[in-house]
Amino acid sequence: MATDRIESSLVIERTYRADVEELWALWTTKDGFESWWGPDQFRAEVHSIEARPGGALRYDMVADTPEAIAAMEQMGAPTSQPCRGSFTEFRPYERLVLTQLIDFLPGVEAYDSSMTVDFFPLAAGEVRMVVTLSQMHDAPTTAMQREGFTSQLAKLDRRYGA
Amino acid sequence: MHIDPFETLADPTRRRVVDALRGGERQVNDLVAVVGIHQSGVSRHLRILSEAGFVAMRPDGQRRLYSLKPDRFRELDAWLAQYRMLWEARLDRFGAALEARQQQRNAQRSMEDDGD
């Protein structure tokens, strides 16, 4: 039921002294994407990045420090995680929407997460980049998923004697 | 029991009640007009919002005045802030990667210039 779904979003923006082409390349090329993507202590290994509307993006998220590797192992999680998504909107130097399927969280049903990146060239060689992150939560199942997740963690605790 | 704040606010009518309270204290009858549902419905939503900690009630003579309580909203904000921080850190790395590329490009340019 549509009314039971809530979309949460987060907007974050930065202004860079750069050409918009340079910013665009950091999102849409293998080298560019690998040079910054991923949470701290992880790196991305891109297998394919199709720079066109509807183009696929496939990469592995790899734990990149001894601490991160130890943390993943302790959680019983793989130290390298395949990720896939697609550029559901692709308007060079203006707007990019990357939709990713989040299907690797234990106990959480697969869901789509999307980020929209808007580029606004300003005067004087600066570009404002606005990233909007949104996720669709299904409110009643969110609670159930949390329980599933908690029980999963409890299982792991037992297995690893935490 | 800790009530899931997202579940509480998932109901669109309840969000209208919350919106209507943003301007300050209201009585049930005021809310009936703004929210557009029957009084029993408004009362039920106010009770659920109170149980979840989003709304407080203050008696004033014969009247009961409802208002928003900030604490739960702060919790939601704090929860979101964690994700904001992750993304701030990500964009820090984006900025650093950008600078590295720019420096590399400038170095290449000046080498080419030297070669001329």
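Of all residue pairs spaced 6 or more apart or on separate chains, those with beta-carbon atoms under 7 Å, a first member in the range A:38-61 that is within 14 Å of another protein chain (Cβ to nearest Cβ) and a second member that is surrounded by 15 or more Cβ atoms within 10 Å (Cβ to Cβ) and of a type in the set (V, I, T) are A:F42/A:V62; A:R43/A:V62. I need the full set of residues from the range B:69-88 which are in a helix (DSSP H, G or I), more than 7 Å from chain A (Cβ to nearest Cβ) and over 30 Å from A:G125 (Cβ atoms), in order please. Passing the criteria: B:P70, B:D71, B:R72, B:F73, B:R74, B:E75, B:L76, B:D77, B:A78, B:W79, B:A81, B:Q82. Residue count for the range A:10-37 under the criterion of being facing chain B (nearest Cβ under 8 Å) and part of a strand (DSSP E or B): the result is 4.
Search the range B:7-26 for residues being outside any helix (DSSP H, G or I) and away from every other protein chain (no Cβ under 14 Å), and hand back the single one that is nearest to the chain's Cα centre (by Cα). Please lay out each step first, then the result.
Taking the range B:7-26 first, the residues outside any helix (DSSP H, G or I) are B:11, B:22-26.
Okay, now just the ones that are also away from every other protein chain (no Cβ under 14 Å), so B:22-26.
On the way: B:R22: 13, B:G23: 17, B:G24: 18, B:E25: 20, B:R26: 21 Å.
Filtering first and then ranking leaves B:R22.
When each of A:P82, A:P66 is tested for being exposed (fewer than 14 other Cβ atoms within 10 Å of the Cβ), more than 14 Å from chain B (Cβ to nearest Cβ) and in contact with an Asp or Glu (Cβ under 9 Å, 6 or more places away or on another chain), the lone residue that passes is A:P82.
Might you let me know whether the range A:54-61 holds any residue that is under 30 Å from B:L76 (Cβ atoms) and modelled with pLDDT under 95? Outline the logic, then answer.
Within the range A:54-61, the subset under 30 Å from B:L76 (Cβ atoms) is A:61.
Add one more test, that the residue is modelled with pLDDT under 95, and what stays is A:61.
Checked the range A:54-61: at least one residue is under 30 Å from B:L76 (Cβ atoms) and modelled with pLDDT under 95.
Which of the residues belonging to the range A:49-80 are closer than 19 Å to A:D103 by Cβ, among the small types (G, A, S) and part of a loop (DSSP other than H, G, I, E, B)? The answer is A:G76, A:A77.
Consider the range A:3-41 and keep the residues that are among the hydroxyl-bearing types (S, T, Y) and modelled with pLDDT under 90. The one that is nearest to B:Q102 (Cα to Cα) is A:S9.
Quick check on my filter: what residues within the range B:89-116 are in contact with a strand residue (DSSP E or B) (Cβ under 8 Å, 6 or more places away or on another chain) and either more than 7 Å from chain A (Cβ to nearest Cβ) or aromatic (F, W, Y) (or both)?
Filtering the range B:89-116 down to residues in contact with a strand residue (DSSP E or B) (Cβ under 8 Å, 6 or more places away or on another chain) leaves B:91, B:94-95, B:98.
Across the range B:89-116, the qualifying residue is only B:F94.
The values are calculated or read from the model by the stated rules, or taken from the named source; none is laboratory data. Predicted model only: the values in this text are computed from it and were never measured. Glycine gets a Cβ as well: all are built from the backbone with ideal geometry, and neighbour counts include every protein chain shown.
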